[in-house]
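Student: This is the structure I have questions about; it appears just below.
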Amino acid sequence: MICCCIYYLYDTSHPAGRHRITRIEFVNPIQLKRGADDKLCVLDILAVDDHARRLNIEVQIALPAGMAQRLVYYVSRTFVDQLQEGQNYTELRPSICICVLAGQLFVTPPALHLDFRLRDHEHSLTLTDDLHIHLLQLNYLQVTEETVYHATPV
C-alpha cells in the first residue's frame, strides 16, 4: 500500500518521467532528540527515493488533536535533519509527507487527495517545492465496479 501511495502521488502527477521513481530505500523512522528538551519523533515510515527526497508516510485511523500541526512538524523535522554543520542550504532535498487518513481532515472540498506546499496566497507564487504534505482522505475514495475495472496499473 505504501509504495502505491508514493507512485500514485509522484509517478502519475509529473510530466513524462520527470520525477520517475526507480528506487526507494526505507530508513530508520526514529528522529532522535537533539537535546534533552527536544521532542522524540517516531514516524510510521521514512524512505528516501532515488532523487534523495525524504518521504514520510503516516497512516491514521483516528484523527488526534493537532493532526495538522503534527504533519507540519514531521515534514519540517525530516527537512532540517538533513543538514550537518558546514553544509550549504542548497544541499537540502525535498521532504514529503504522505498521510493516509481513514477519515477526513477537511470536509470542504470533498477530495481524496489534497496537496499542501509553501505558496503565496494572493499571487499564487511558489516559494519552494521542498516541503509537501499530501493527504489521502480515504472516505472520499469512490470504489465502484466501474472504477475498479478502469483503474490504471501502478
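Any read-out appearing in this document is the output of simple, stated calculations on the displayed coordinates, not a laboratory observation. Since the model is a prediction, treat every value here as computed from it, not as a measurement. No Cβ is skipped: glycine too gets one built from the backbone with ideal geometry, and neighbour counts run over all protein chains shown.
Student: For region 45-149, what does the relative contact order come out to in percent, with C-alpha contacts under 8 Å and a separation of six or more?
Tutor: Over region 45-149, the number comes to 27 percent.
Student: Give a quick list of GluC sites (Glu not before Pro) in region 56-129 that DSSP marks as loop, anything other than H, G, I, E or B, with at most 10 other Cβ atoms within 10 Å.
Tutor: Here the sparse-neighbourhood loop sites are E85, E122.
Student: Hey, quick one: spin label on Q82, modelled 7 Å out along Cα-Cβ, who in region 122-148 has an amide N within reach, i.e. under 18 Å?
Tutor: Residues 126-134 qualify, since their backbone N sits under 18 Å from the label point.
Student: A follow-up question, please. Decide, for region 44-91, between rounded, prolate and oblate: order the square roots of the alpha carbon gyration tensor eigenvalues as a ≥ b ≥ c, take rounded if a/c falls under 1.5, and otherwise choose prolate if a/b is larger than b/c, else oblate.
Tutor: Judged from the Cα gyration tensor, region 44-91 comes out oblate (a/c at least 1.5, b/c at or above a/b).
Student: Mind sorting L101, L118, L92 by how few other Cβ atoms lie within 10 Å of their own Cβ, fewest first?
Tutor: Sorted ascending by nearby Cβ count, the order is L118, L92, L101.
Student: Can I ask one more? Label points 7 Å out from Cα along the Cβ direction at D120 and Y89: separation in nm?
Tutor: Distance between label points: 1.7 nm.
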